[in-house]
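Worksheet: the structure to be examined is printed underneath.
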Amino acid sequence: MSRLIRFERTGGPEVLQWVEADVPPPAAGEVRLRHRAIGVNYIDTYHRAGLYPVPLPSGLGQEAAGVIEALGEGVAGFAPGDRVAYVGGALGAYSELRNVDARFLVRLPDAISFEEGAAMMMRGLTAQFLLRRTYRVQPGDTVLVHAAAGGVGLILCQWAKALGATVIGVVSSDAKADVARRNGCDHTIVSLRESVSARVRELTGGEGVPVVYDSVGKDTFMDSLACLRPLGMMVTFGNASGPVPAVEPALLSRMGSLFLTRPTLFHYIARRDDLLKMADELFAVVAAGQVHISVNQRYPLKDAALAHRELEARRTTGSTVLIP
Ligand code: NDP
């Protein structure tokens, strides 16, 4: 038996229900996992609200850390008692106990807590591919990071700084600007009172930046393009303010032969060896103290709706976890 969060219709946080269900023995290729901490990600709000449609009724959440209780047939490389974390697979991480496809699991190093593990798989692996694969940040680059005090944002800023970049972070308040500056941002822009592109031009001597990491989407897309230098890379990777409308390719030409990508973590971790390499690199920068995983909000699992309200109201910094 497991207690879990489920939703039968899409909508606001109020659609989330706290229910009980049996957990069958793990199928072939699965493990049964007792969750110790669960990651709350912005994508969970897209599933709940219907922006990313899923078959209903549905569980929620794709990231957690915990302890293996049982192995299904054919699972190799893991044993009951192992501390593990995962991102991906079927929705349902907002639960005390569940079966998970072993392909998504990574072993948690002893130095990383369950809370950190649950806070860093989705967000940390996203920072890894954005900085190391989508656009490979070089020492001396100046990079622009939106939602710089958020979950992905704080990891991006610290890691980009460790790679030798100058980091400009965009936030909505002075309090968040302080948080961003303590986590690798050299410059902060408070978007509610300043033009981001004007400040970026000022900070880069008119040149613009080689890459923009924009998770805000609709509200910031056009101004983000205006921050780029010729041949710059626009990385639009989230929809916190809503999805970006269609774009004419000729616009990219006019604005400086820009590159545009809309990446998703799940494509970057589709091959298990990529997942393991990326996780190793992430765990290494955390172990070395270059990236600190800020778990700044914790809620009991049954209060997932409150966690969503706070995240969507922009009242959070760093990562949020649910505790079963
Ligand atoms: P965050 O902790 O970053 O929370 C979202 C932040 O976005 C807010 O705190 C807020 O910061 C900012 N924001 C700007 N405009 C709005 C708005 N209109 N409504 C709400 N928030 C707004 O969340 P996560 O770290 O979980 O995720 C960050 C982003 O990265 C999300 O867009 C998510 O979808 C995306 N993502 C994409 C992945 C991919 O594979 N493509 C993987 C993982 C995450 P402020 O108040 O400072 O503006």
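Residues that are surrounded by fewer than 24 Cβ atoms within 10 Å (Cβ to Cβ), in a helix (DSSP H, G or I) and not polar (S, T, N, Q) within the range 132-175 comprise ARG132, ARG133, LYS161, ALA162, ASP174, ALA175, listed in sequence order. Scanning the range 229-277 for residues that are touching an Asp or Glu at 6+ places or on another chain (Cβ under 7 Å) and away from the ligand (no atom under 16 Å from the Cβ) yields a single hit, ARG229. Can SER197 be described as touching a residue at least 12 places away in the same chain (Cβ under 8 Å), in a helix (DSSP H, G or I) and more than 13 Å from the ligand (Cβ to nearest atom)? Yes: the conditions hold for SER197.
Can we say MET222 is within 16 Å of the ligand (Cβ to nearest atom) and without any contact (Cβ under 8 Å) to a residue 12 or more places away in the chain? Don't jump to the end; show me each part of the working.
Values: within 16 Å of the ligand (Cβ to nearest atom): yes; without any contact (Cβ under 8 Å) to a residue 12 or more places away in the chain: yes.
When the stated conditions are applied, MET222 passes them.
Quick check on this structure: which one of GLY238, GLY232 is open to solvent by less than 70 Å² (accessible area, probe 1.4 Å), in a strand (DSSP E or B) and in the same structural domain as LEU192 (by TED's automatic domain parsing)?
GLY232
Scanning the range 270-291 for residues that are small (Gly, Ala, Ser), touching a residue at least 60 places away in the same chain (Cβ under 8 Å) and surrounded by fewer than 15 Cβ atoms within 10 Å (Cβ to Cβ) yields a total of 1. Within the range 292-303, restricting attention to residues that are open to solvent by 30 Å² or more (accessible area, probe 1.4 Å) and assigned to a helix (DSSP H, G or I), the residue that is nearest to the ligand (Cβ to nearest atom) is ASP303. Can you find a residue in the range 304-324 that is away from the ligand (no atom under 14 Å from the Cβ), without any contact (Cβ under 8 Å) to a residue 40 or more places away in the chain, not in a loop (DSSP other than H, G, I, E, B) and not aliphatic (A, V, I, L, M)? No - not one qualifying residue is present in the range 304-324.
Could you please let me know if GLU96 is under 20 Å from GLY150 (Cβ atoms), touching a residue at least 12 places away in the same chain (Cβ under 8 Å) and outside the structural domain of VAL152 (by TED's automatic domain parsing)?
no
Would you confirm whether any residue within the range 1-20 is in contact (Cβ under 8 Å) with a residue 12 or more places away in the chain, within 16 Å of the ligand (Cβ to nearest atom) and not in a strand (DSSP E or B)? The answer is yes, given that some residue of the range 1-20 is in contact (Cβ under 8 Å) with a residue 12 or more places away in the chain, within 16 Å of the ligand (Cβ to nearest atom) and not in a strand (DSSP E or B).
The values are calculated or read from the model by the stated rules, or taken from the named source; none is laboratory data. In this text, all values refer to a predicted model and were calculated from it rather than measured experimentally. Neighbour counts are summed over all protein chains in view; Cβ atoms, including those assigned to glycine, are modelled from backbone coordinates with ideal geometry. Quick note on the areas: whole protein, heavy atoms, side chains included, nothing else; ligands and nucleic acids left out. Shrake-Rupley method; radii C 1.70, N 1.55, O 1.52, S 1.80 Å.
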